[in-house]
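Here's the structure, in structure tokens; my notes come after.
The values are calculated or read from the model by the stated rules, or taken from the named source; none is laboratory data. All figures in this text were calculated on a predicted structure; none of them were measured in a lab. So basically every Cβ, Gly included, is an ideal-geometry build from the backbone, and we count neighbours across all protein chains shown.
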Amino acid sequence: MINALKAVIWKDIIMEYKTKQMTSSMLVFSGLVIVIFGFAFELSIEVLHKVLPGMIWVAMIFSSILGLNRSFMLEKNNDCMQGMLLLPCDRTIIFLGKFCANFLFVLLTQIIIVPGFFVFFDYRFQGGLGLLVLILLVGTIGFIAIGTFLAALASNSRMSDMLLPIILFPITVPLIIAGVQSTSLIFQGQGFDAISQWFYLMLVFDVIFLVIPYMLFDYVMEV
């Protein structure tokens, strides 16, 4: 199982290294969000404390959807998904491999875009950097977990590009709200005690939507 998991992850990394379709589209979209917000609003330091967390999550969420849409669309060429289903292991390994690969790509994008917001808006971050990284990681895990599962479900539809956001956003609303609220508190200089409730909500969301897709992925592939 470990070898099969490594094979799925490595396959996606090699494909992305050759094509650069997911990371390039996510980075271009995130860059556009930074530029548009930067020129559309004249933001003071006080206003940036309130709106910058939302900007970061908007860039992360919508750029992630671009990547999630492509993660299973690539497997449609030459019926590659049928070949993956023939792997001599549990089919849930495909979900775990896709989840890990998508998480790596989104994490790479975040490493670039989050500092980009600070540089472009000339914002000096004074909150807890460790807390910010923790919240972004926990939020990304939950969003990518359910997003990978729903991307596999939507890939069988002719309108998968439109279907994925429609079914993904309502489910991830609690995670997004908790992420934005906790990030906003971190920007205000608050500690872990202030964001603990939001953090535990995100943690519960992550656990639920890692377990449920893992249990149902085999059924989705059969459908």
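Inside segment 17-73, can you point out the residues that are within 22 Å of residue 94 (Cβ to Cβ) and either touching a strand residue (DSSP E or B) at 6+ places or on another chain (Cβ under 6 Å) or surrounded by fewer than 17 Cβ atoms within 10 Å (Cβ to Cβ) (or both)? Those that are within 22 Å of residue 94 (Cβ to Cβ) and either touching a strand residue (DSSP E or B) at 6+ places or on another chain (Cβ under 6 Å) or surrounded by fewer than 17 Cβ atoms within 10 Å (Cβ to Cβ) (or both): 17, 18, 19, 21, 73.
Yes/no matrix, rows are residues, columns are (1) touching a residue at least 60 places away in the same chain (Cβ under 8 Å); (2) of a type in the set (A, V, I, L, M, F, W, C); (3) touching a strand residue (DSSP E or B) at 6+ places or on another chain (Cβ under 6 Å):
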{"residue": "163", "(1), (2), (3)": "no, yes, no"}
{"residue": "169", "(1), (2), (3)": "no, yes, no"}
{"residue": "174", "(1), (2), (3)": "no, no, no"}
{"residue": "177", "(1), (2), (3)": "no, yes, no"}
{"residue": "188", "(1), (2), (3)": "yes, no, no"}
{"residue": "209", "(1), (2), (3)": "yes, yes, no"}
{"residue": "219", "(1), (2), (3)": "no, no, no"}
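Scanning segment 45-87 for residues that are touching a residue at least 60 places away in the same chain (Cβ under 8 Å) and either outside any helix (DSSP H, G or I) or charged (D, E, K, R) (or both) yields 50, 75, 76, 87.
Inside segment 92-108, can you point out the residues that are under 12 Å from residue 213 (Cβ atoms) and not polar (S, T, N, Q)? Within segment 92-108, 94, 95, 96, 98, 99 meet the criteria.
For the structure I just gave you, tell me whether residue 101 is among the small types (Gly, Ala, Ser), modelled with pLDDT of 85 or more, under 21 Å from residue 216 (Cα atoms) and in a helix (DSSP H, G or I). Don't jump to the end; show me each part of the working.
On the way: among the small types (Gly, Ala, Ser): yes; modelled with pLDDT of 85 or more: yes; under 21 Å from residue 216 (Cα atoms): yes; in a helix (DSSP H, G or I): yes.
The answer is yes for residue 101.
Just for segment 111-147: of the residues that are among the aromatic types (Phe, Trp, Tyr) and outside any helix (DSSP H, G or I), which one is surrounded by the most Cβ atoms within 10 Å (Cβ to Cβ)? Ranking the candidates gives 121 first.
Of all residues in segment 1-34, those satisfying the criterion of being more than 21 Å from the chain's Cα centre (by Cα) and of a type in the set (A, V, I, L, M) are 1, 2, 4, 7.
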